[in-house]
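What follows is a short report on a single structure.
The values are calculated or read from the model by the stated rules, or taken from the named source; none is laboratory data. What you see is a predicted model; the values in this text were computed from it and never measured. Neighbour counts are summed over all protein chains in view; Cβ atoms, including those assigned to glycine, are modelled from backbone coordinates with ideal geometry.
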Amino acid sequence: MNLSIMDRTPPPRLSSPESITLMKDGKIKGDREGTWEKTKGDRYDYITVRMDNTEYHGVFFKQHNEKMDSEQVMTFTAIGNNNTSIWASRVK
């Protein structure tokens, strides 16, 4: 997955895209390391990410890939307990 991080503390800044893999055992590997877990929801599946001493809560959802006409890719977006936002999209 390509991961981006938005730090909202003044001045707000966006990180360069990073590469991570969400492993089946709940670990995050790649440019960042940490843990993740998925919780089933009624309309969406929820994600909790723990990385860099921050806990993020958000949602998984499929989104249109702007580079492909009809392809949908899995994405997630979450906000941390330190007011930073993360989002990621699957790379094939």
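Just a few scattered comments:
- Selected residue (criterion: farthest from residue 92 (Cα to Cα)) from residues of the stretch 8-36 that are within 12 Å of the chain's Cα centre (by Cα) and of a type in the set (D, E, K, R): 32
- The stretch 48-74, subset of a type in the set (A, V, I, L, M, F, W, C) and closer than 16 Å to residue 87 by Cα, residue modelled with the lowest pLDDT: 73
- When the stretch 35-44 is filtered for residues that are assigned to a strand (DSSP E or B), out of contact with any Ser or Thr (no Cβ under 6 Å at 6 or more places or on another chain) and loosely packed, with under 14 Cβ neighbours inside 10 Å, the ones remaining, listed by number, are 38, 39.
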